[in-house]
Amino acid sequence: DGDEVVSVCFTAFAGGKKREISVATQPQYRRQGFATLAVSALISHCLKGGLEPVWECWADNDASSALAEKLGFMRKGDHPVYFCEL
């Protein structure tokens, strides 16, 4: 929006040919399709380069889950996450 970035999508983790998708949209621009456009561009880039886009999010992140499903990702299941404070 002018010089302001309203939505950004990038690969936060990469391993082998897999690229995990991360996306963030400024709160005032959410639910307007910007995340869909940004993620679609990253997915297209991955597929053209022979890479596999991967989506992971917390189970209670309904917005992320809905966007993933809208873009064709399917839920494979949940897995535990462990934290360690250093």
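The values are calculated or read from the model by the stated rules, or taken from the named source; none is laboratory data. This is a predicted model, so every value here is computed, not measured. Here Cβ is always computed from backbone atoms with ideal geometry, including for glycine, and neighbour counts include all displayed protein chains. Calculation scope for accessible area: heavy atoms of the full protein, side chains included, ligands and nucleic acids excluded. Shrake-Rupley method; radii C 1.70, N 1.55, O 1.52, S 1.80 Å.
Ignoring ligands, DNA and RNA, what percent of the 1.4 Å accessible area of the chain is carbon and sulfur?
Here it works out to 55 percent.
Is the shape of the stretch 32-72 rounded, prolate or oblate, going by the alpha carbon gyration tensor and its root eigenvalues a ≥ b ≥ c, with a/c under 1.5 for rounded and a/b larger than b/c for prolate? The partial results should precede the final answer.
On the way: a/c = 2.98, a/b = 1.52, b/c = 1.96.
In terms of gyration-tensor shape, oblate.
Can you tell me the dipole magnitude for the chain around its Cα centre, using point charges on the Cβ only (Lys, Arg +1; Asp, Glu -1), in Debye to the nearest 20?
420 debye
For a quick check: with amide H placed at 1.01 Å from N, whose amide H comes under 5 Å from residue 19's, ignoring anything fewer than 5 positions away on the same chain?
52, 54
Give me the lysines in straight-line cross-link reach of residue 48: C-alpha distance below 16 Å, same-chain residues under 8 apart excluded.
Output for residue 48: 17, 18.
Normalised by the empirical 2.2 N^0.38 Å for globular proteins, what value does the Cα Rg of the chain take?
1.17
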